[in-house]
Structures are given as structure tokens and as C-alpha cells.
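Worksheet: one structure, shown below.
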Amino acid sequence: MGYIKRDLESKILALSKEYACILITGPRQVGKTTVLKQLAAADREYVTLDDLEDRALAKRDPALFLQMHSLPIFIDEVQYAPELFSYIKIAIDNGAAPGSFWLTGSQAFKMMELAQESLAGRVALLHMPALSQHEIYGSGNNVPFSVDLDALKQRKKTGQQALLPKMYERIWKGSMPGLVSGKFTDRDVFYNSYMQTYIERDVSELIARVDKLQFQDFIRAVACRAGQMLNVHDIAMDIGVSDDTAKRWLQVLEKSDVIFYLRPYSNNLLKRTIKTPKLYFFDTGLAAYLTKYTTPEILANGAISGALLENYVVSEIRKTYFNDAKDCLLWYYRDKSSNEIDMVIESDGLLHPLEIKRSVNPGSELIGAFEVLDKGSVPRGKGAILCMRPELSAINADNFIVPIWII
């Protein structure tokens, strides 16, 4: 399959004409380096701080490091030398041209903190996720997902239909470019190598003297709870660590983009809402690998098949926003009366409730919980059930039935 065109490419090029510095964050091996090398002009110098000599110079004498290299420059894995940021700021303040600095980093929180401290107003921050369903199977331009009938009809034209067996093949295989492109063909070897590299490099840097085998068991325990409300104590009990240790380790997984959370929606008029977030993996293929599902067919019939389908949907909707360089206000809803809505998108002053189901023929009773949002201060807009129905349909004029394959 070779190089897969990324939806973020047009944003990178457009912002490079306006900002002297572009910083792309995201998990390991999602294609940050590949896409920037693909877009780079011949005169852009490339330096990776994976190179220990370049890293040592950048940390020891960042001013000299920048003098040694010409602009425009692409500095890969810049998180290894945060000392560079102050000197990049000086270069920008001294008139560096738009597009002078392209930076990548695989510790998103750390990178964003450093950039906001040193380069506030001078850097365009972009987050690159793993490949989206649209990038792998779709066509045309990426558009952030919305519950708008015209937009949904347009999405249908650019997607590739996938019924339940195909959908679980997508979930099981995951969305890492190395696998999807065919560069690597053995999924188990790929994910095993991914985990070893992640623990050896990122985790060991963030947690002093970590027990690497125990941390690997920890990630597996977390993967078993993908798509569920976070229960730190249960995870800690599974692997025999304290709740505080489990909390710290979860922060590491979040900071390095392995997991993310949906926060619960509430406002001051909705008093009885649950405060616990829901946990998701950035890549369902990694979650399926960690939970030891050896084929898509076994996964489709497994205990966490519904949870991983939900994980896939939430992740894919987030990607449509990341790939358009837009913020995404995504929540879930649950209250003490057990009313639950899988996702709530807040957009243009409206709340759009979404329910996620494996069913081909979801019933109208599934939208019953949507009405609870009417008690809040933000008006409710159109809603949808995201499911395995092959075609776009509707329950009524305000609630659509949306095939997951068109996201």
C-alpha cells in the first residue's frame, strides 16, 4: 500500500505559511516523521534527537546546536531536549521566517506545556492520531463529524461500507501506519515490539526504576477496561500495586497518548451526574492485542466486543476533529438514576447525544435517555444511534441511525 495520504497534510502546509514553528504531537509510530518527510522541501534539514550525539549537543548547548543547522529545519523527537525551546523562541523573535521550525514529539502533554511556556503565540500546535477510518478506507476531504443530515449524506459518499465481520477486522487490526501500509505484516510481532519500545524509552524516562514486567501487566489490566468507567482500585488490585501507584501510571499512559478519557457531562442544573471518566485506548488494535484476542472473529464474539466497538467509534470521531486541527467537546453522560448516553458532542451551542450499539436494527427506546439533557441549561440538538445498520436511516426527524462505517 505504501505511503497513505494524511488528512492533516493540508493544515500543516497552510499553517507553515503563517507560523514560524509547527509542533506535531501524538503517540509513537503514528506517522509524524513520515508525513513531515513527505511534505518537506529539499532544502529543509532533518535532525532526529534519537541520535545521542545530536541530543547531547542540543541539551548541553542549544544555541550552538541551532547554529550548526540551517533553517528551515525539522527536529524530530524534540521532547528529548526541552532546552531548545527558549532558543527557538529567540530565533522567532529575531525574525525567523514562517515554516522555519518543524518539530515533533511523542509526549503530547510535556510538549504542549513546554510550547505554551516558551513559545506561546509563536507556535501552531497540532495533534496527529493514528490513521483514521477515513484515511484508510475513505475518499475526499476530511470533515469533522456532526449530526447534520446533509453532512451525514455526504460522509456516506466518501466511506467504504463495512458490515459486522469487516468492522471487527478494522478494530482488531488497528490503525497504526506500519501495519495498515503493509510495511509490517505480523501484527503480534509489531505490537509486541511497540510495547517493548514504549516501556523501554517513554515509560523508563517518566517513571524512575519502574518494574517493566509489572508495568506491562498494568497496561494489559487497563486494556481489559477499555470503553468502561475508570476504576483505579480494581486495576491496582489486579496487579498488586497501591491505588496511588495505579493513578500515577495511568497519568503516564495518558501523557504518552496511549489512553484518553471522556469526561462526564454536567452543568449546575444536572445535579445527579456521575463524576468518573470513561477510559479508551488511542488504538483498538493495541487494546485487542493486549487482551489476547487472536482473530477478529474471536474478538467479535468476546466479552469486550461491545466495549471495543465503542472505543473505536469514540476514537474515530475524535480523529475527524484532530485531522481538521479543531477542538472537540466530547463528553458522556451518566447519572445516579442509571440514565446513560454513550457520547455527547457540544457544538454551536447545542448538545448532540449519541448512542453506540452493535445492533443492525436498534430500537427507538435507545434514544429515551436523550431527554435527560433537556433538564440542563444547554439546548439539545439532533441525536443519533451509531450502529451496524448498513445504510443511513432515522428514527424520527431529530434522531438518525448512522452506520459506523461512515464516520
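The values are calculated or read from the model by the stated rules, or taken from the named source; none is laboratory data. If you're wondering where the values come from, they're calculated on a predicted model, not measured in any experiment. Ideal geometry is used to build each Cβ from the backbone, glycine not excepted, and the neighbour counts take in all protein chains shown.
Of all residues in the range 93-143, which are aliphatic (A, V, I, L, M) and under 14 Å from the mean Cα position of the chain (by Cα)?
A108, L126, M128, A130, L131
With the range 368-407 as the region, which strands (runs of 3 or more DSSP E) entirely inside it contain at least 1 residues that are surrounded by fewer than 14 Cβ atoms within 10 Å (Cβ to Cβ)?
393-396
Looking only at residues that are at pLDDT 95 or above and assigned to a loop (DSSP other than H, G, I, E, B) in the range 129-141, which one is farthest from G31 (Cα to Cα)?
Within the range 129-141, the match that is farthest from G31 (Cα to Cα) is S132.
Test Y3 against the criterion of being crowded, with 19+ Cβ neighbours inside 10 Å, under 23 Å from the mean Cα position of the chain (by Cα), among the aromatic types (F, W, Y) and at pLDDT below 95, and give yes or no.
Spelling it out, it is not the case that Y3 is crowded, with 19+ Cβ neighbours inside 10 Å, under 23 Å from the mean Cα position of the chain (by Cα), among the aromatic types (F, W, Y) and at pLDDT below 95.
Could we say that V143 is under 22 Å from E391 (Cβ atoms) and in contact with a Gly (Cβ under 7 Å, 6 or more places away or on another chain) here?
No.
Considering K89, K59, which residue is surrounded by 20 or more Cβ atoms within 10 Å (Cβ to Cβ), among the basic types (K, R) and over 20 Å from H127 (Cβ atoms)?
Details: K59 fails: surrounded by 20 or more Cβ atoms within 10 Å (Cβ to Cβ).
Step by step, each of K89, K59 is checked, and only K89 is surrounded by 20 or more Cβ atoms within 10 Å (Cβ to Cβ), among the basic types (K, R) and over 20 Å from H127 (Cβ atoms).
Quick check on L49: is it buried (at least 22 other Cβ atoms within 10 Å of the Cβ) and hydrophobic (A, V, I, L, M, F, W, C)?
When the stated conditions are applied, L49 passes them.
Would you point out which residue out of E83, E113 is of a type in the set (D, E), touching a helix residue (DSSP H, G or I) at 6+ places or on another chain (Cβ under 8 Å) and either modelled with pLDDT under 95 or surrounded by 19 or more Cβ atoms within 10 Å (Cβ to Cβ) (or both)?
Being of a type in the set (D, E), touching a helix residue (DSSP H, G or I) at 6+ places or on another chain (Cβ under 8 Å) and either modelled with pLDDT under 95 or surrounded by 19 or more Cβ atoms within 10 Å (Cβ to Cβ) (or both) holds for just one of E83, E113, which is E83.
Only one of T273, T294 is outside the structural domain of A14 (by TED's automatic domain parsing), among the β-branched types (V, I, T) and within 30 Å of L213 (Cβ to Cβ); which?
The match here is T294.
Test L290 against the stated conditions and say whether it is surrounded by 17 or more Cβ atoms within 10 Å (Cβ to Cβ), touching a Cys at 6+ places or on another chain (Cβ under 9 Å) and of a type outside the set (V, I, T). Outline the logic, then answer.
Working: surrounded by 17 or more Cβ atoms within 10 Å (Cβ to Cβ): yes; touching a Cys at 6+ places or on another chain (Cβ under 9 Å): yes; of a type outside the set (V, I, T): yes.
Against the criterion (surrounded by 17 or more Cβ atoms within 10 Å (Cβ to Cβ), touching a Cys at 6+ places or on another chain (Cβ under 9 Å) and of a type outside the set (V, I, T)), L290 qualifies.
Within the range 329-367, take every residue that is among the aliphatic types (A, V, I, L, M) and surrounded by fewer than 16 Cβ atoms within 10 Å (Cβ to Cβ) and give me the one that is nearest to I317 (Cα to Cα). Don't jump to the end; show me each part of the working.
As a first pass, look at the range 329-367 and keep what is among the aliphatic types (A, V, I, L, M): 329-330, 341, 343-345, 350-351, 354, 356, 360, 366-367.
So of that shortlist, the ones also surrounded by fewer than 16 Cβ atoms within 10 Å (Cβ to Cβ) come out as 329, 350, 360.
Details: L329: 11, L350: 17, V360: 20 Å.
Filtering first and then ranking leaves L329.
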